[in-house]
Each structure stands twice: as structure tokens, then as C-alpha cells.
Amino acid sequence: MSELDPLIDMRDIALSFGVVKALRGVNFQLRPGEVHALLGQNGAGKSTLIKVLSGVYQRDTGDVLIRGERTHFKSAQDSRESGIAMVYQDLSLVPTMSVASNLFLGREPHGPMNLVRNRDLVSKAQKYLDEQGFPVRAGASVDSLPFAYRQLTEIAKALMGEIKILVLDEPTSALSAGEEEILFDAVKEVTKRGVGVVYVTHRLHEVFRISDRVTVLRDGLNAGTFETSDITMETLVQAIVGPGHEKMTQSTLSLEEGERRATFRDNTNEMAGATPVIELREVRNDRLRGVSLKVRPGEIFGLAGMVGSGRTEILETMFGLRRAENGEVLYEGSPVRWPSPGPAIADGVALVPEDRHLQGLVLSDTISANTALPQLPGLTRWGMFARRESSRRASAAVADLNVKAPGIGTKLQNLSGGNQQKVVFGKWLTPEPKLLLLDEPTVGVDVGARDEIYGIIRRFARAGCAVVVISSDLVELEMLCDNLAVVHDGRIITTVHTSEIEGEEGLHQLVQESAR
């Protein structure tokens, strides 16, 4: 094999699930030492293609050549032994084990009586993590880590060993700008060794920062392969969404948001006398160190900061998942001490969590069952479940939020990521909440679904709902929010109106300065 021969050459790959044609003759190549981005809307076939590559799915027709040799992997283990490392959105870590144990699973150092030398294990793992620049403690239990640090652990695990091909599926979905840089540096280092990287993402700005080539899939077909240096953002978006689709571009979205924020500013004096929907006064607990903030009706309030800064813990305190040990939480002007989320939900508080698979949905259950979950008390009459009313609400949510599914009896595991996220929002449509808490609301969704979710958020705000949103995408925060607080080490460092921020760079600077 010469240096110019592709590491991966997938030819005319086809795969169907029943009557659904997931891949319809897809071609894809990866060269040594390149980063090749794989793009497309949810359901375009990206994840299916990489699962064919890894041996998780068996193709119907077509050829897969790895370093010039025709292969037919029967399992993920086969592909790993051929030097292919995969990092999926659904992490493969054992949550009850330490980071070190996950990194060296099956390869642990043993001592007398075949016992694992745990001290050596942690020491080796920490040395490796430090060399890679990953800010993760090797001795920490995986289930104690923020979701972003679990992702970094999964990536670190994939980079270990003699790999020739690295496949990353949405690797930065929950990473902040600082953690993105760590990942990008790691990717650049492995490509210097001749490793080829397949980079699946919905964050289009990353494509221009890290990739050499781009392949776009649409409806299970190739929509184009481009040299990254030869394309524009507009060309890329058009290839993803296809002709005849009038998708909102970032510039028009920014214009619409600017008009909405201008309206909010015009009403600021009037709103100044309005009672905040939620107010925290010097709130302290195991993670917060004197947090104070107010969010008014119709306001979109952002929380920016690095992973582990305390952003998620602020939302959890507002939702009754954490208690305020000191200070006060006021809801519509009255002090509250919700012992659990149940009373908060009853009072009109809704939460869209960061990890929709673990915390937001029951993937093995239907759309109808999932939309009913937060409102079970209101759907129960004399011990009987109001099935007809539940179905009516689920059908209304599917229609209202444009959820693409055969019907409300569809299981969530059969929906794309963007449609799953819409169902999480659909859980809170009836009755409408007074306070909507959003933790990374657009993680792992494509450009089209992202625009739809922005529209949903704006609609809640226009109806008078107070919205608090966390996002690692600073462009998203600057675009969506009226006011924004920068969080570090359990404290709010500064609060600004987004009109005072000088673009994305200004917001990046605020966050970086807060972490010093």
C-alpha cells in the first residue's frame, strides 16, 4: 500500500431496515493523515455508514476496502483488531468504574495472585491523560464526571494503542471552547502519525477549522465531496439541506433574534417592575458559592462557562434536584424549598437535560408514553390513566413541533437525534411552563433541527415563559439570549446584556477571563 492509497474505500454501500433504505449506494474514502468530515441532517445515513464500517451493521451490497484489502467485519471487535477506533455519541464506558479502569479495561497490570495493581493502573492512566492534555482525574469514577469529561475519557480510550483509523461521532457535542481545543490538538497529533480521522459533526464551523475534506450525505445518498478549502458555509448548508428547502441561515436567524431582543429591550422599563419568575439570592450548596440572579417573564437568560463551572448545578437547584443550603430561591416572588422535582413541575417548572438519552427520555418506550411522563398526576383520574387525553397531547406535540415519526406509537430509539430532542420539548407543552430550563438544548442535532429548536425556544419566551439556557456553543448563547451570566467555580463572575458583547470573540474572552 502506498502513502497515496486510501485507508478506507467504501464503494456503493447499500443497507435497508425493512422498507426503509438507509444507504443507497454510498461512496466514501479516507486518506492517511487527513481529517475527513462526514455531514448530513439527522437520518441522512451518517451513523449508519460508520456502523457498517465498524461491523455493527452488515451491509446489503457494496465493498469495504481497508488499506487496499476487501473486508467484511462481522463485529466491532473485528474492526478494532484492524486498527479502527470508534467513538460514538452513545458512550461505551462502564459508569461504575474509574477512568483508569475504563482506559485499561482488559489490559490491567496484575501482581501476585493475579490481583490488579490499582496504584500502578491509576498512575499509568494519569500519565497518559496528562501527556494528551485531557483534564480528567484517572482515579475518578466515570459516573461522577460531567458529561463532557466522559466524552473526553471515551476519546482518550480510543486514542490508545496502534490505531490507523479514528472515527469520531459528534465528539464536541457537550464540550466548551477550551475542551474543543484539547480535542483538536489531539486529532492533529494523531494525523501526524498518518492516522486518518472520520469526523462526524453538526457543528459546521468545526468543519472549516479541522477538516481537509468534506462528504455530505442526504437521504442515504452522496450529496457531494469537497475540499474544505474550496467551499463556503453557504455551499455546505445548501448541500446538507438540498435544493428547494428554504432553511433559515445563521444571518437571518441572527436578524430575527436581534428584532426579538430589541422588542425585549423596548419593554425593559415596563418589565422592570414585573416580579421575576425565578430569583436566586446568595444561594449556596455543595456546588454553588453564593449565586444571585433574576429571570423575568419573556426573558431568555444564558449561562456560559467551562464544563464543571457550576452551570448545570444552578439549573438543578432551580428544578428541586439540589437543595439551597443557604440563601433563598424565590419563585414568582415567594420563597420555595422544593424537596424534589415533582413540586417544581407542579408549579410550572420544566427541564430539558443535557443527556437526553439518560435523563430526558425512555428510548425503549413510545412518543406517547414519553410525553406523558412529567404530567402523570394530571393524567390520572381516580387511579385510572387518561389514555385518550394523553394520546391527544402527544399527537398535538408531534404536529406542533414537526416531529418526523410514523405516529405517536413510535419508539424513541427509532427517531433521529433532532426528533428525539423535539419530543423532550414536547413533554412540556401542556400545560405550558412558566420557567423553562435548558441544558445544552441543541446537542447532536443538525442545522435544520437546530433552527426549529431555536424557534421553539423563542415561542416559549414570546408566550411569557422565563427561559434559562446553558450552551457550550457561545455563538448560540450570543444569538439567543437577552442577558447572560458567566459562571466559574460555583459563582457568577459577571452578568451582561448580549448587546454589550462584541461578537463571539468578546464572549470567548469573557469566559476565558473568568476561568483565570
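What does the C-alpha gyration tensor say about the overall shape of segment 317-452? Classify as rounded when a/c is under 1.5, otherwise prolate if a/b is larger than b/c, or oblate.
Oblate.
Roughly what angle does helix 250-266 make with the longest principal axis of the chain, taking Cα atoms, 0 to 90 degrees, to the nearest 10?
10
So what is the calculated 222 nm ellipticity per residue for the chain, using -39500 (n - 2.57) for each DSSP H run with n of 4 or more, over all residues, to the nearest 500 deg cm²/dmol?
-10500 deg cm²/dmol
First measure r as the distance between the Cβ atoms of Val56 and Glu325, then evaluate 1/(1 + (r/R0)^6) with R0 = 41 Å and state the FRET efficiency to the nearest 0.05. Let's see the in-between values first.
Values: r = 46 Å, r/R0 = 1.12.
With R0 = 41 Å, the Cβ-Cβ based efficiency is 0.35.
Once the piece of chain linking Leu358 and Arg392 is laid out straight, how much longer is it, given 0.36 nm per residue of separation minus the C-alpha distance between them?
My answer for the length gained is 9.6 nm.
Please give the helix 147-159 orientation as an angle from the longest Cα principal axis of the chain, in degrees from 0 to 90, rounded to the nearest 10.
Roughly 10 degrees, rounded to the nearest 10.
Tell me which of Ala466, Leu373, Gly490 sits at the most positive position along the dipole axis of segment 362-516, charges placed on C-beta atoms (Lys, Arg +1; Asp, Glu -1).
The Cα lying farthest towards the positive end belongs to Leu373.
Among all stretches of the chain without exposed GluC sites (Glu not before Pro) (DSSP loop, at most 14 other Cβ atoms within 10 Å), which one is longest?
326-501
Assigning unit charges at the beta carbon (Lys, Arg +1; Asp, Glu -1) and nothing else, what dipole magnitude in debye, to the nearest 20, does segment 26-158 show about its Cα centre?
With only Lys, Arg, Asp and Glu charged at Cβ, the dipole is about 120 debye.
Return the distance in nm (one decimal) between the two label points of a simple spin-label model at Gln413 and Ser334, each offset 7 Å from Cα along Cα→Cβ.
4.3
Roughly how many debye, to the nearest 20, is the charge dipole of segment 367-414 about its Cα centre, given +1 on each Lys and Arg Cβ, -1 on each Asp and Glu Cβ, and no other charges? Intermediate results must be reported in sequence, preceding the final value.
Details: 7 positive and 2 negative charges, 24 e Å.
For segment 367-414, the charge dipole is close to 120 debye.
Hey, rough spin-label estimate for Ala346 and Asp219, points 7 angstrom out along Cα→Cβ, what's it come to in nanometres?
Label at Ala346, label at Asp219, 5.0 nm between them.
By how many degrees, 0 to 90 and rounded to 10, does the Cα axis of helix 503-514 deviate from the longest principal axis of the chain?
Taking the Cα atoms of the chain, the angle to 503-514 is about 80 degrees.
Among bridges DSSP assigns within the chain, what percent are antiparallel (round to 5)? Can you show the working numbers first?
Numbers: 45 of 79 bridges.
Counting DSSP beta bridges with both partners in the chain, the antiparallel share is about 55 percent.
Would you kindly state how much longer the chain becomes between Ser292 and Gln509 on full extension, computed as 0.36 nm times their sequence separation minus their alpha carbon distance, in nm to one decimal?
Net length gain for the segment: 75.9 nm.
Segment 1-44 to segment 274-347: how many Å between their Cα centroids?
That distance is 46 Å.
Taking the DSSP beta bridges in segment 8-241 as the whole, what percent of them are antiparallel, to the nearest 5?
Numbers: 24 of 41 bridges.
Close to 60 percent.
Please state the charge dipole magnitude for the chain, taken about the Cα centre, from unit charges on C-beta atoms (+1 on K and R, -1 on D and E), reported in debye and rounded to the nearest 20.
Here the size comes out at about 1660 debye.
Find the centroid of the Cα atoms in segment 415-430 and in segment 194-245, then give the distance between the two in whole Å.
About 26 Å separates the Cα centre of segment 415-430 from the one of segment 194-245.
Can you find, among Leu175, Gln132, Val424, the residue farthest towards the positive end of the dipole of the chain? Put +1 on the C-beta of Lys and Arg, -1 on that of Asp and Glu.
Val424
No lab work stands behind these numbers, since they all come straight from the coordinates. Only a predicted model underlies this, so the values are computations on that prediction, with no experimental measurement involved. With ideal geometry, Cβ positions are generated from the backbone for all residues, glycine too; neighbour counts draw on all protein chains shown.
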